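The values are calculated or read from the model by the stated rules, or taken from the named source; none is laboratory data. Predicted, not measured: the structure shown is a model, and the values here were computed from it. Counting neighbours? That spans all protein chains shown, and the Cβs are built from the backbone with ideal geometry, glycine included. All accessible areas refer to the heavy atoms of the entire protein, side chains included, with ligands and DNA or RNA removed. Shrake-Rupley method; radii C 1.70, N 1.55, O 1.52, S 1.80 Å.
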Amino acid sequence: IATTVDVSMLASDAPLIDAEPGACELANESHMVPDAGLHVAAASQIAETTASNHAADADVSAAAKSWEFVVQGQLDAPGEAPQDFGAKATSCFPDDAAALAAARGVACVCLRGRRLDASVPNQDDFVAARHTLVHSGHIALYGVFDGHGPAGHRCAAYARGALPESLFGQRMLLLKPEETLREAFRQTQAGLLEQTFDTAYSGTTATLALVLSLPSAPSVGPHDGRAGDRAGEAWLFVAHIGDSRAILASHRGGDAPDSGAFTVTALTREHRPDDAAEAERIRRHGGEVRKLRDGAGAARVFARGQDRPALALTRSLGASASAGCGVVAEPEVSPYRLRPGVDALLLLGTDGLFEFCDNATAAGQLLREGPSRPRLEDLCARSRERWARSSYNETVDDITA
């Protein structure tokens, strides 16, 4: 999923991506701030008004007016043969949701890879939705999911539906978004483990980006009594489990707004066994981290003294057989105050995109050409070619962007 945060920043000339050391490191600067910085007055007013609107307008037509668009993946129809590099089936609300999303600068692509077993479906999934609030505010939610294991596609589809349902079903979303995101992951994990399909050795990553655009409450002038508006605030909250990424491209500080120079900030870190902090946590909770065979390949998580579950992730929804090894479904949640005229592009992707495409390359191409479906397909095609060249059997992972 790619979306423009500030479309005016997309110059026609090729932007310069800051490639200095640390430019693409995990965001930990001053604009990463806790919940306490949220504009509580505006959030409280919107929350109260939204709650009253829900009570007064419970019919379908009112809901349709509130949701600008919802675009999400859909499981393949039973008996439908998966096609190499085929696009995932998509569900849209309303019917022209994809066009409405594109008009907002939002584009989504979810493509099956190429497997040795031709019957394996696309195990990636995605959701992109935008909801209107009072006083011209809005909430946008973007999510990507990468399933693994025999029922990974079902795990990803479940998370794609359950996380937004839980998130938007909680009244404290606007006042305590970080806490609400964590609760949504807890509820989703609990519900997932109750499903009839395999969730012991199957699971999914989940990376969510929640954008809250909160206008300030109207104020009354001290002399003339007329109502005035103060500038609102826009916030980005990223919650993730696993190794699907979210990155943010921003205008480089100190340069002129039209200079085309950008930095790229990684908003997530990969929950893999080769992360030192994650590996230490796994060991503290009874697991082992080692290579699968004779020291070859990527590091994996094992039960102590055993050859299973051999999971390539340290955090995952589902994957209950790995819980005793320290694998958890606890997300990392990071808040970010969006800066008008500075933050330009938000990009989410599964490891099918980012395994062979670095953050700066991905952002640079989209900043040059704009985040449209054709541009995303071009970006995915380049990543797919690199997958095929690096694979001894030309298998390619599913790719979502």
Checking residue 323 against (1) open to solvent by 10 Å² or more (accessible area, probe 1.4 Å); (2) outside any helix (DSSP H, G or I); (3) among the aliphatic types (A, V, I, L, M); (4) on the phi < 0 side of the Ramachandran plot: exactly one of these is not met. Which one? (2)
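Taking into account only those residues within region 276-319 that are in a loop (DSSP other than H, G, I, E, B) and under 24 Å from residue 184 (Cβ atoms), which is modelled with the lowest pLDDT?
285
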When the residues of region 257-271 are filtered to those that are open to solvent by less than 20 Å² (accessible area, probe 1.4 Å) and part of a loop (DSSP other than H, G, I, E, B), which remaining residue is modelled with the lowest pLDDT? 260
Could you grab me the full set of residues in region 187-213 that are part of a helix (DSSP H, G or I), open to solvent by 50 Å² or more (accessible area, probe 1.4 Å) and in contact (Cβ under 8 Å) with a residue 12 or more places away in the chain? 187
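Table: residues versus (1) within 23 Å of residue 66 (Cα to Cα); (2) open to solvent by 10 Å² or more (accessible area, probe 1.4 Å); (3) not hydrophobic (A, V, I, L, M, F, W, C).
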residue	(1), (2), (3)
109	no, no, no
134	yes, yes, no
147	no, no, yes
153	no, yes, yes
160	yes, yes, yes
166	yes, yes, yes
How many of the residues in region 67-95 are among the acidic types (Asp, Glu) and in contact (Cβ under 8 Å) with a residue 12 or more places away in the chain? 3
Pull up region 289-341, narrow it to residues that are in contact (Cβ under 8 Å) with a residue 24 or more places away in the chain and acidic (Asp, Glu), then point me to the one that is farthest from residue 276 (Cα to Cα). 330
